[in-house]
Amino acid sequence: MHKVRVIEYKNGRLFLLDQRILPLRIEYIEIKSCSAAAAAIKDMAVRGAPAIGIAGAYAYCLAVREKNFSAPADLMKHMNKSSAMLIKARPTAVNLKWAVGKMHKKLFEVKNQGIEKIKTELEREAESIMNAQVKADLKMGEYGAEALKKIKKSGLSVMTHCNAGALATGGEGTALGVIRAAYRNDILEMVYASETRPRLQGARLTCWELISEGIACTLICDSLAASLMKRGMIDAVVTGADRIAANGDTANKTGTYAHALAAKQHGIPFYIAAPLSTFDFDTPCGEEIEIEYRNAGEVTEINGKRIAPEGISVINEAFDITPAKMISAYITERGIIKNVRQLQ
Ligand code: MRU
């Protein structure tokens with residue numbers, strides 16, 4: 001599956017694989033403006049921290065093409081606004097802010113070199129962000145598989161939450177990059193994918209990615225994980241991350257913290273696989289990470305069908321924070337990191 005293009009940019013045109021309708025339909029949508037890209041990111045047509053960073057970088061390229069700017073100052077004004085709009089689309093995943101920031105820095109460097117050169121340089125920058133992620137995924141896979149081998153040389157069962165796969169990065173994935181590498185190394189027996197309420201990225205996306213490559217995968221309700229751990233059915237947990245604070249506290253899809261607690265209780269290693277672009281050394285700890293609050297309909301409805309009574313109040317926080325002390329190690333493209341301070 002990971003050969004399916006998640007984000008495609010060709011001759012000034014941006015296409016996104018519409019992840020909202022997977023795995024039932026494989027359809028691409030063309031994104032014609034920066035504001036349409038921000039809306040697609042917010043509505044999760046594209047999702048997963050690295051993928052929204054890459055989509056944001058290409059959206060930046062679209063924004064530069066939106067008008068004929070008479071002076072560099074006009075262009076910069078437009079791009080300040082466009083960047084702010086993109087970053088606001090999803091506030092927790094720092095990769096979006098990081099990628100748009102990189103694009104903005106590049107624009108600053110080339111802003112006086114004429115519009116054609118500016119367009120080329122920005123497209124090159126977006127492509128390099130995307131290519132770097134593909135490479136980082138492979139490295140995380142290598143390091144992660146080595147770490148898993150130390151737990152069990154074969155017959156390993158790994159649990160993952162949400163989707164930190166090809167769909168979330170455009171490469172092999174972070175957590176699923178590790179799982180793919182473990183599969184290639186013949187270590188892996190089973191992947192347990194938790195469904196990931198309310199948007200079901202585990203059920204819809206992770207299971208689809210794994211099953212289409214012949215990797216044995218079992219879907220479980222989020223709330224079954226602790227019981228499987230207690231019965232010795234899970235040897236390790238590997239998830240992705242949306243932002244890792246300077247002290248190692250990690251924001252990831254809601255439910256990650258509960259899995260980490262259960263893993264700790266049962267002495268099961270809990271790994272976070274994430275590229276360096278997910279580390280945010282400017283944010284000291286988890287409490288300082290802005291958590292995206294999404295609409296109640298995601299919880300009160302399934303596929304547009306109401307399942308909860310009218311008028312019910314809802315908390316729909318898209319991410320939770322797992323404290324650093326519950327994380328066995330971080331699998332990065334630079335190796336296995338036990339303490340985030342090693343990276344600073
Ligand atoms: O709301 P989503 O689907 O964008 O959330 C995705 C996750 O929580 C992933 O685990 C995270 O972004 C890492 S993706 C490599």
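The values are calculated or read from the model by the stated rules, or taken from the named source; none is laboratory data. Just so it is clear, the model here is predicted, and its values are computed rather than measured. FYI the Cβ positions are ideal-geometry reconstructions off the backbone, even for glycines, and counts take in every protein chain you see.
The residue list LEU156, LEU188, LEU122 contains one member that is buried (at least 21 other Cβ atoms within 10 Å of the Cβ), at pLDDT 95 or above and under 28 Å from ALA63 (Cα atoms), which is LEU122. Only residues that are without any contact (Cβ under 8 Å) to a residue 12 or more places away in the chain and either in a loop (DSSP other than H, G, I, E, B) or closer than 23 Å to HIS266 by Cα (or both) were counted in segment 188-223, giving 3. When ALA251, ALA241, ALA263, ALA245 are checked against the criterion of being in contact with a Gly (Cβ under 6 Å, 6 or more places away or on another chain), under 23 Å from GLY335 (Cα atoms) and of a type in the set (Gly, Ala, Ser), ALA245 stands alone in meeting it. Checking each residue in segment 45-78 for being touching a His at 6+ places or on another chain (Cβ under 8 Å) and buried (at least 23 other Cβ atoms within 10 Å of the Cβ) picks out TYR60, ALA63. Among the residues making up segment 32-44, those that are within 16 Å of the ligand (Cβ to nearest atom) and surrounded by fewer than 21 Cβ atoms within 10 Å (Cβ to Cβ) are ALA39, LYS42, ASP43, MET44. If GLU27 satisfies every condition in (1) surrounded by fewer than 14 Cβ atoms within 10 Å (Cβ to Cβ); (2) on the phi > 0 side of the Ramachandran plot but one, which is the exception? Of everything listed in (1) surrounded by fewer than 14 Cβ atoms within 10 Å (Cβ to Cβ); (2) on the phi > 0 side of the Ramachandran plot, GLU27 misses just condition (2).
If the requirement is being outside the structural domain of ARG47 (by TED's automatic domain parsing) and near the ligand (Cβ under 9 Å from one of its atoms), which of these qualifies: ALA246, ALA273, ALA260? One residue alone meets the criteria, ALA273.
Within the bounds of segment 278-294, is there any residue that is under 24 Å from LYS150 (Cα atoms), out of contact with any Pro (no Cβ under 7 Å at 6 or more places or on another chain), in contact (Cβ under 8 Å) with a residue 40 or more places away in the chain and surrounded by 21 or more Cβ atoms within 10 Å (Cβ to Cβ)? There is no residue in segment 278-294 that is under 24 Å from LYS150 (Cα atoms), out of contact with any Pro (no Cβ under 7 Å at 6 or more places or on another chain), in contact (Cβ under 8 Å) with a residue 40 or more places away in the chain and surrounded by 21 or more Cβ atoms within 10 Å (Cβ to Cβ).
All conditions in (1) within 12 Å of the chain's Cα centre (by Cα); (2) away from the ligand (no atom under 13 Å from the Cβ) hold for SER154, with the sole exception of (1). Between THR196, THR218, THR206, the distinction of being of a type in the set (Val, Ile, Thr), out of contact with any Asp or Glu (no Cβ under 8 Å at 6 or more places or on another chain) and near the ligand (Cβ under 10 Å from one of its atoms) belongs to THR206 only.
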